[in-house]
Amino acid sequence: SLLSTNYRTSSRCLRGRYYWYKRTAEAFQKAIGFYEQALTEDPDYALAHSGLADCHTILGFYGMLPPMEAGPRAEAAASKALQIDADLAATHASIGAVKSLYHWNWTAGERAFQWAIELDSYYPVAQMWYSAFVLIPLGRLDEAYSEWKHAAELDPVTPIVNVGPGLILVCQRQ
(Lines give C-alpha, C1' and ligand atoms only; values in the text may rest on other atoms or scores of the structure.)
Protein backbone atom coordinates (compact mmCIF):
# COMPACT_ATOMS: atom_id res chain seq x y z
CA SER A 1 0.00 0.00 0.00
CA LEU A 2 1.00 3.63 -0.41
CA LEU A 3 1.19 4.21 3.35
CA SER A 4 3.53 1.25 3.88
CA THR A 5 5.76 2.36 0.96
CA ASN A 6 5.96 5.92 2.35
CA TYR A 7 6.83 4.57 5.78
CA ARG A 8 9.56 2.29 4.38
CA THR A 9 10.97 5.10 2.27
CA SER A 10 11.10 7.62 5.12
CA SER A 11 12.44 4.93 7.47
CA ARG A 12 15.29 4.31 5.02
CA CYS A 13 16.11 8.03 5.02
CA LEU A 14 16.18 8.09 8.81
CA ARG A 15 18.58 5.15 8.80
CA GLY A 16 20.63 6.86 6.12
CA ARG A 17 20.94 9.97 8.26
CA TYR A 18 21.85 7.85 11.30
CA TYR A 19 24.80 6.34 9.42
CA TRP A 20 25.72 9.67 7.83
CA TYR A 21 26.25 11.15 11.28
CA LYS A 22 28.73 8.37 12.18
CA ARG A 23 31.35 9.83 9.80
CA THR A 24 33.18 6.65 8.82
CA ALA A 25 33.75 5.29 5.32
CA GLU A 26 31.75 2.16 6.14
CA ALA A 27 28.89 4.17 7.63
CA PHE A 28 28.76 6.46 4.58
CA GLN A 29 28.41 3.42 2.32
CA LYS A 30 25.54 2.15 4.48
CA ALA A 31 23.90 5.58 4.36
CA ILE A 32 24.22 5.71 0.58
CA GLY A 33 22.66 2.25 0.40
CA PHE A 34 19.66 3.34 2.45
CA TYR A 35 19.16 6.49 0.37
CA GLU A 36 19.41 4.49 -2.85
CA GLN A 37 16.84 1.99 -1.53
CA ALA A 38 14.51 4.88 -0.72
CA LEU A 39 14.95 6.21 -4.26
CA THR A 40 14.21 2.78 -5.72
CA GLU A 41 10.88 2.89 -3.88
CA ASP A 42 10.23 6.55 -4.72
CA PRO A 43 12.50 8.20 -7.31
CA ASP A 44 10.96 11.60 -6.52
CA TYR A 45 11.73 11.57 -2.79
CA ALA A 46 13.63 14.84 -2.38
CA LEU A 47 14.92 14.01 1.09
CA ALA A 48 16.65 10.88 -0.22
CA HIS A 49 18.32 12.86 -3.03
CA SER A 50 19.40 15.44 -0.46
CA GLY A 51 20.79 12.67 1.76
CA LEU A 52 22.81 11.28 -1.14
CA ALA A 53 24.12 14.77 -1.85
CA ASP A 54 25.16 15.15 1.79
CA CYS A 55 26.97 11.81 1.75
CA HIS A 56 28.97 12.72 -1.34
CA THR A 57 29.65 16.20 0.01
CA ILE A 58 31.24 14.86 3.17
CA LEU A 59 33.01 11.97 1.42
CA GLY A 60 34.81 14.57 -0.68
CA PHE A 61 35.33 16.96 2.23
CA TYR A 62 36.92 14.20 4.34
CA GLY A 63 39.05 12.98 1.44
CA MET A 64 37.33 9.57 1.33
CA LEU A 65 36.40 10.24 -2.29
CA PRO A 66 38.31 12.52 -4.67
CA PRO A 67 36.64 15.95 -4.62
CA MET A 68 36.53 15.97 -8.43
CA GLU A 69 34.32 12.89 -8.16
CA ALA A 70 32.39 13.78 -5.02
CA GLY A 71 31.51 17.34 -6.05
CA PRO A 72 29.63 16.47 -9.26
CA ARG A 73 27.80 13.60 -7.54
CA ALA A 74 26.79 15.86 -4.66
CA GLU A 75 25.72 18.62 -7.03
CA ALA A 76 23.62 16.30 -9.21
CA ALA A 77 21.79 14.85 -6.21
CA ALA A 78 21.29 18.26 -4.56
CA SER A 79 19.99 19.77 -7.81
CA LYS A 80 17.56 16.87 -8.26
CA ALA A 81 16.34 17.32 -4.66
CA LEU A 82 15.83 21.04 -5.22
CA GLN A 83 14.00 20.40 -8.49
CA ILE A 84 11.61 18.03 -6.70
CA ASP A 85 11.00 20.09 -3.55
CA ALA A 86 12.18 23.69 -3.32
CA ASP A 87 10.42 24.12 0.04
CA LEU A 88 12.54 21.56 1.90
CA ALA A 89 15.28 23.02 4.10
CA ALA A 90 17.51 20.00 3.55
CA THR A 91 17.62 20.61 -0.20
CA HIS A 92 18.83 24.19 0.27
CA ALA A 93 21.42 23.09 2.86
CA SER A 94 22.70 20.50 0.38
CA ILE A 95 22.94 23.15 -2.35
CA GLY A 96 24.70 25.52 0.08
CA ALA A 97 27.30 22.88 0.87
CA VAL A 98 27.99 22.21 -2.81
CA LYS A 99 28.20 25.92 -3.67
CA SER A 100 30.55 26.59 -0.74
CA LEU A 101 32.80 23.54 -0.83
CA TYR A 102 33.02 22.68 -4.49
CA HIS A 103 32.54 26.05 -6.16
CA TRP A 104 34.00 28.28 -3.42
CA ASN A 105 31.02 30.52 -3.96
CA TRP A 106 30.41 31.61 -0.40
CA THR A 107 27.80 34.20 -1.41
CA ALA A 108 25.61 31.57 -3.09
CA GLY A 109 26.32 29.14 -0.26
CA GLU A 110 25.34 31.71 2.35
CA ARG A 111 22.09 32.48 0.53
CA ALA A 112 21.23 28.79 0.32
CA PHE A 113 21.99 28.17 4.01
CA GLN A 114 20.05 31.25 5.10
CA TRP A 115 17.08 30.11 3.02
CA ALA A 116 17.31 26.61 4.55
CA ILE A 117 17.28 28.15 8.03
CA GLU A 118 14.36 30.37 7.06
CA LEU A 119 12.41 27.32 5.88
CA ASP A 120 13.22 25.25 8.97
CA SER A 121 14.99 26.88 11.89
CA TYR A 122 15.04 23.48 13.63
CA TYR A 123 17.27 21.74 11.03
CA PRO A 124 20.68 21.63 12.74
CA VAL A 125 22.62 20.59 9.64
CA ALA A 126 21.85 23.96 8.03
CA GLN A 127 23.31 25.92 10.96
CA MET A 128 26.28 23.56 11.33
CA TRP A 129 27.19 23.69 7.65
CA TYR A 130 26.56 27.42 7.37
CA SER A 131 29.06 27.85 10.17
CA ALA A 132 31.62 25.34 8.84
CA PHE A 133 31.42 26.00 5.10
CA VAL A 134 30.77 29.76 4.93
CA LEU A 135 31.34 31.64 8.17
CA ILE A 136 34.59 29.96 9.25
CA PRO A 137 36.27 30.24 5.82
CA LEU A 138 35.28 33.91 5.70
CA GLY A 139 36.74 34.50 9.17
CA ARG A 140 33.41 35.41 10.71
CA LEU A 141 34.14 33.31 13.79
CA ASP A 142 31.76 34.99 16.24
CA GLU A 143 28.85 34.35 13.86
CA ALA A 144 30.17 30.84 13.19
CA TYR A 145 30.21 30.08 16.91
CA SER A 146 26.67 31.39 17.35
CA GLU A 147 25.29 29.34 14.43
CA TRP A 148 27.04 26.13 15.40
CA LYS A 149 26.11 26.58 19.07
CA HIS A 150 22.48 26.88 17.98
CA ALA A 151 22.83 23.66 15.97
CA ALA A 152 24.22 21.93 19.08
CA GLU A 153 21.26 23.17 21.11
CA LEU A 154 18.88 21.72 18.49
CA ASP A 155 20.73 18.39 18.44
CA PRO A 156 22.43 17.86 21.81
CA VAL A 157 23.19 14.15 21.27
CA THR A 158 25.03 13.98 17.93
CA PRO A 159 28.81 14.18 18.38
CA ILE A 160 29.64 15.86 15.05
CA VAL A 161 27.14 18.62 15.77
CA ASN A 162 28.44 19.17 19.30
CA VAL A 163 32.17 19.28 18.55
CA GLY A 164 31.90 22.43 16.40
CA PRO A 165 31.57 25.16 19.02
CA GLY A 166 34.70 23.86 20.75
CA LEU A 167 36.65 23.83 17.49
CA ILE A 168 35.67 27.42 16.83
CA LEU A 169 36.82 28.43 20.31
CA VAL A 170 40.18 26.80 19.55
CA CYS A 171 40.38 28.83 16.31
CA GLN A 172 39.70 31.94 18.39
CA ARG A 173 42.41 30.86 20.88
CA GLN A 174 39.88 30.78 23.71
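Quick one: net charge of TYR21's neighbours, Cβ under 13 Å, K/R +1, D/E -1? Intermediate values should be presented prior to the final figure.
Values: positive: ARG15, ARG17, LYS22, ARG23, LYS30; negative: ASP54, ASP155.
Residues near TYR21 contribute +3 overall.
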(message) How large is log10 of I(q)/I(0) for the stretch 1-96 at q = 0.14, 0.21 Å⁻¹ when the intensity is taken from the Debye formula with one equal scatterer per alpha-carbon?
(response) -0.44, -0.97
(request) Kindly provide log₁₀ I(q)/I(0) values, in the same order as q = 0.13, 0.16, 0.18, 0.20 Å⁻¹, from the Debye equation applied to equal alpha-carbon scatterers of the chain. (result) -0.59, -0.91, -1.15, -1.40
(message) Leaving ligands and nucleic acids out of the surface, order TRP148, TRP115 by accessible area at 1.4 Å, largest first.
(response) TRP115, TRP148
(request) Report, please, the projected area of the stretch 76-128 averaged over directions, based on the convex hull of its C-alpha atoms, in nm². (result) 3.1 nm²
(message) Can you tell me the mean projection area, over all orientations, of the convex hull of the stretch 104-174's alpha carbons? Units nm², please.
(response) 4.3 nm²
(message) Can you give the FRET efficiency to the nearest 0.05 for ASP142 and ALA108, using r as the Cβ-Cβ distance and R₀ = 22 Å?
(response) 0.45
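Which sequence of ARG173, ARG140 reflects their accessible areas, 1.4 Å probe, from the largest down?
ARG173, ARG140
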(request) Could you name the lysines whose alpha carbon sits less than 22 Å from that of LYS80, not counting residues in the same chain fewer than 8 places away? (result) LYS30, LYS99
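With every protein chain present, what is the per residue accessible area of the chain (1.4 Å probe, Å²)?
Dividing the accessible area of the chain by its residue count gives 50 Å².
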(request) Give, rounded to the nearest 20 debye, the magnitude of the charge dipole that the chain has about its Cα centre when Lys and Arg contribute +1 at Cβ and Asp and Glu contribute -1 at Cβ. (result) 460 debye
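Local charge sum around ARG73 (other residues, Cβ-Cβ under 14 Å, Lys/Arg +1, Asp/Glu -1)?
Residues close to ARG73 contribute a combined charge of -3.
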(request) Taking the dipole about the Cα centre of the stretch 64-174, with the C-beta of Lys and Arg at +1 and of Asp and Glu at -1, give me whichever of ALA70, ALA151, TYR123 is farthest to the positive side. (result) ALA70
(message) Give me the extension gain from LEU169 to TYR122: residue separation times 0.36 nm, minus the current Cα-Cα distance, reported in nm with one decimal.
(response) 14.6 nm
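Within the accessible area of the chain, what % is carbon and sulfur when the probe is 1.4 Å and the other protein chains stay in place?
Working: 5060 of 8760 Å².
Here it works out to 58 percent.
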(message) If you take every residue apart from TRP129 with its C-beta less than 10 Å away from the C-beta of TRP129, what net charge results, scoring Lys and Arg +1 and Asp and Glu -1?
(response) -2
(message) Show me the ranking of peptides 163-172, 46-55, 71-80 by mean Cβ neighbours inside 10 Å, starting with the highest.
(response) 46-55, 71-80, 163-172
(message) What are the membrane-span-like helices in the chain by this rule: whole DSSP H runs, Cα extent along the axis at least 30 Å, mean Kyte-Doolittle hydropathy at least -1.0?
(response) none
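The values are calculated or read from the model by the stated rules, or taken from the named source; none is laboratory data. All figures in this text were calculated on a predicted structure; none of them were measured in a lab. With ideal geometry, Cβ positions are generated from the backbone for all residues, glycine too; neighbour counts draw on all protein chains shown. Side chains included, ligands, DNA and RNA excluded: accessible areas come from the protein's heavy atoms. Shrake-Rupley method; radii C 1.70, N 1.55, O 1.52, S 1.80 Å.
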